[in-house]
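Everything below concerns the one structure shown next.
The values are calculated or read from the model by the stated rules, or taken from the named source; none is laboratory data. Every value quoted in this text rests on a predicted model; they were computed, and no experiment measured them. All Cβ positions, glycine included, derive from the backbone under ideal geometry; neighbour counts span all protein chains shown.
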Amino acid sequence: MLPVYISHPDCLKHSMGDQHPECPERIGAVNDMLLIKGLLDFMQPMDAPLATEKQLAQAHASLYIHELAAQSPKEGTVQVDPDTSMNPYTYQAALRAAGAAVMATDMVLTKGAGTAFCNVRPPGHHAEYSAAGGFCFFNNVAVGIRHALNVHGLERVALVDFDVHHGNGSEDILHDDERVLMCSIFEDKLYPFCGNVPRGPNMVNVALPARSGSDALRQAVLEKWIPALDQFRPQLIFISAGFDGHRDDDMGNLGLVEADYAWITKQIVAVAQRHCQGRIVSCLEGGYVMSSLARSAAAHVKVLLGMDD
């Protein structure tokens with residue numbers, strides 16, 4: 001089966017305001033660039049299903065799931081935290097985003113898809129066990145990871161997160177789960193202002209100073225991530241794919257470029273080929289300047305497809 005590409009029109013309906021950086025146009029920018037580059041010709045497109053309450057409850061408190069549903073407005077917007085709000089379509093979009101991770105897991109583990117890329121929003125890695133925040137409502141990758149562990153019976157699943165912001169929500173949910181290894185690289189002293197002290201022995205957190213650039217990123221991956229991943233021997237790898245560390249994106253200041261995202265993806269693919277038959281599920285997280293987001297995501301997907309030079 002071809003690698004799968006999962007998205008849904010509902011992801012375009014969630015909006016937090018005309019000036020908000022986490023905007024519906026992000027989905028189209030990525031999709032259009034994958035189309036222009038010819039990458040979608042080598043992928044099987046699929047519509048994201050709605051995650052069920054049972055699936056969500058593997059990563060979130062049931063009370064939180066019900067409270068979030070109850071907050072969904074019939075019109076206008078409801079503020080969830082200072083930079084995160086819901087419109088009438090947000091809850092449905094969040095269910096689609098989490099459902100995409102579940103579908104991707106199923107496709108990779110049982111249908112021979114090999115790899116999957118979920119072009120969905122809202123993003124997820126700041127969503128904690130019982131709290132929304134940082135533009136996130138449900139933790140898409142955590143829902144997918146728990147589905148792989150609890151439903152498919154895997155014993156070891158890795159999560160690698162290269163968003164410019166630390167995935168505090170993923171760490172909150174997964175830090176005490178010895179079946180999971182989480183590797184995170186992020187910019188120090190940036191939202192959510194944590195991650196420097198890992199919350200569990202299964203967390204490999206690397207905080208890079210601002211303006212670190214390509215060399216520091218690559219050194220951290222080779223010295224911190226790869227040895228931990230090889231020792232862990234994951235049976236499946238999830239990626240929180242955030243592209244807001246790009247030098248053109250003012251959300252952060254790491255100074256990365258498309259070649260860095262291609263390089264880091266190559267390292268992850270190599271680990272996957274060594275330990276889990278190349279099986280990878282990647283979910284879109286950050287990236288807020290349309291041009292750099294689209295180029296970086298395309299560079300990432302190209303490597304996932306094995307089409308890199």
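Some observations on this one:
- Between Ala93, Ala101, Ala70, Ala51, the distinction of being in a helix (DSSP H, G or I), small (Gly, Ala, Ser) and farther than 28 Å from Met251 by Cα belongs to Ala70 only.
- Some residue of the range 32-44 being within 16 Å of Val143 (Cα to Cα) and of a type in the set (Lys, Arg): no
Yes or no, residue by residue, for (1) out of contact with any helix residue (DSSP H, G or I) (no Cβ under 6 Å at 6 or more places or on another chain); (2) within 25 Å of Ser292 (Cα to Cα); (3) among the β-branched types (Val, Ile, Thr):
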{"position": "Pro3", "(1), (2), (3)": "yes, yes, no"}
{"position": "Ile6", "(1), (2), (3)": "no, yes, yes"}
{"position": "His20", "(1), (2), (3)": "yes, yes, no"}
{"position": "Val30", "(1), (2), (3)": "no, yes, yes"}
{"position": "Ala59", "(1), (2), (3)": "no, no, no"}
{"position": "Pro82", "(1), (2), (3)": "yes, no, no"}
{"position": "Ala98", "(1), (2), (3)": "no, yes, no"}
{"position": "Ala101", "(1), (2), (3)": "no, yes, no"}
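- If the condition is being closer than 27 Å to Leu154 by Cβ and either polar (S, T, N, Q) or touching a helix residue (DSSP H, G or I) at 6+ places or on another chain (Cβ under 8 Å) (or both), then the range 276-301 contributes Gln277, Gly278, Arg279, Ile280, Val281, Ser282, Cys283, Leu284, Ala297, His300, Val301.
- Any chance Val303 is touching a Ser or Thr at 6+ places or on another chain (Cβ under 7 Å), aliphatic (A, V, I, L, M) and free of Cβ contacts under 8 Å to residues at least 60 places away in the same chain: yes
- Single residue of Pro45, Pro49 found to be over 18 Å from the mean Cα position of the chain (by Cα) and at pLDDT 95 or above: Pro45
- The residues of the range 153-168 that are within 19 Å of Ile226 (Cβ to Cβ) and surrounded by fewer than 24 Cβ atoms within 10 Å (Cβ to Cβ) amount to a single one, Arg156.
- Residue within the range 140-152 that is in a loop (DSSP other than H, G, I, E, B), surrounded by fewer than 24 Cβ atoms within 10 Å (Cβ to Cβ) and among the hydrophobic types (A, V, I, L, M, F, W, C) present: yes
- Within the range 83-109, tally of residues that are out of contact with any His (no Cβ under 6 Å at 6 or more places or on another chain) and either of a type in the set (D, E, K, R) or at pLDDT below 95 (or both): 2
- Filtered by the rule that a residue be surrounded by fewer than 24 Cβ atoms within 10 Å (Cβ to Cβ) and assigned to a helix (DSSP H, G or I), the range 169-190 gives a lone residue, Asp172.
- Positions within the range 66-107 being β-branched (Val, Ile, Thr) and touching a residue at least 60 places away in the same chain (Cβ under 8 Å), in sequence order: Thr77, Thr84, Thr90, Thr105
Quick grid of which residues meet (1) within 18 Å of the chain's Cα centre (by Cα); (2) under 27 Å from Cys194 (Cα atoms):
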residue	(1), (2)
Ala61	no, yes
Ala69	no, no
Glu75	no, no
Met107	yes, no
Lys111	no, no
Gly169	yes, yes
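- Yes/no for Met86 being under 22 Å from Pro192 (Cα atoms) and out of contact with any Cys (no Cβ under 7 Å at 6 or more places or on another chain): yes
This table checks each residue for (1) surrounded by fewer than 18 Cβ atoms within 10 Å (Cβ to Cβ); (2) touching a residue at least 24 places away in the same chain (Cβ under 8 Å); (3) not in a loop (DSSP other than H, G, I, E, B).
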{"residue": "Ala210", "(1), (2), (3)": "yes, yes, no"}
{"residue": "Ile237", "(1), (2), (3)": "no, yes, yes"}
{"residue": "Phe243", "(1), (2), (3)": "no, yes, no"}
{"residue": "Leu254", "(1), (2), (3)": "no, yes, no"}
{"residue": "Ser282", "(1), (2), (3)": "no, yes, yes"}
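- When Glu171, Glu128, Glu155 are checked against the criterion of being in contact (Cβ under 8 Å) with a residue 24 or more places away in the chain, in contact with a strand residue (DSSP E or B) (Cβ under 7 Å, 6 or more places away or on another chain), farther than 17 Å from Asp244 by Cα and among the charged types (D, E, K, R), Glu171 stands alone in meeting it.
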